[in-house]
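The structure appears below as structure tokens.
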């Protein structure tokens, strides 16, 4: 995957840590740059990235605000992309892929008490499945939505019960991939996305 804009990623984390709700105004650029320890030009580049992703919006003469995230559209794309990735991973994975998938599930388990850490680990596990699919188009498509997926985790990873369910379901998906059962892997991923989507009103 191409490298992320790290200032944009730190801004996203700051919005989450500071509990900036949709519709709320962000602090002035000077204050944000000082908080992140970056230059104003780097900050503006990060802000542009978040604006392109629809995470923030600028209002002329008013400032920059956190925008609502349409989880429905995001889950609609994921429901088409990730079950196919899981099916392909079950038939194409090699020993290296399986080791990375096992490590990803272990990282999710270790991160279970920490919502932010768990969200990152969860995204990494989904990315590992896409990588194991061996499909370049799927990798490109997943990379295109990866930043939005990380941002959505501020909603989906905040519930401890949902984190536990996600861990259990990821274990089932990886187990099916390990067994080489494409049907089971696809069905398990579809069920997982249905549960997560329903929990945030995007099912």
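The values are calculated or read from the model by the stated rules, or taken from the named source; none is laboratory data. Computed from a predicted model, the values in this text were never measured in an experiment. As a convention, Cβ positions derive from the backbone with ideal geometry for all residues, glycine included, and neighbour counts pool all protein chains shown.
How about segment 110-131: which of its residues are under 16 Å from residue 144 (Cα atoms) and under 10 Å from the mean Cα position of the chain (by Cα)?
Matches in segment 110-131: 123, 124, 126, 127.
Out of segment 142-160, which residues are surrounded by fewer than 19 Cβ atoms within 10 Å (Cβ to Cβ), at pLDDT 85 or above and farther than 16 Å from residue 195 by Cβ?
Of everything in segment 142-160, those that are surrounded by fewer than 19 Cβ atoms within 10 Å (Cβ to Cβ), at pLDDT 85 or above and farther than 16 Å from residue 195 by Cβ turn out to be 143, 145.
Only one of 107, 103, 82 is touching a residue at least 60 places away in the same chain (Cβ under 8 Å), more than 16 Å from residue 180 (Cα to Cα) and out of contact with any strand residue (DSSP E or B) (no Cβ under 7 Å at 6 or more places or on another chain). Can you tell me which?
82
Can you say whether residue 106 is assigned by TED's automatic domain parsing to the domain that holds residue 138 and over 14 Å from the mean Cα position of the chain (by Cα), as far as the supplied structure shows?
So residue 106 fits the description; yes.
Hey, residue 52 hits all of (1) closer than 18 Å to residue 146 by Cα; (2) touching a residue at least 12 places away in the same chain (Cβ under 8 Å) but one; which does it fall short on?
If we test residue 52 against (1) closer than 18 Å to residue 146 by Cα; (2) touching a residue at least 12 places away in the same chain (Cβ under 8 Å), just (2) comes out false.
Part of a helix (DSSP H, G or I), in contact (Cβ under 8 Å) with a residue 60 or more places away in the chain and either in contact with a helix residue (DSSP H, G or I) (Cβ under 7 Å, 6 or more places away or on another chain) or surrounded by 18 or more Cβ atoms within 10 Å (Cβ to Cβ) (or both), is that true of residue 167?
When the stated conditions are applied, residue 167 passes them.
Would you point out which residue out of 53, 36 is modelled with pLDDT under 90 and in contact with a helix residue (DSSP H, G or I) (Cβ under 6 Å, 6 or more places away or on another chain)?
Every option except 53 fails the conditions.
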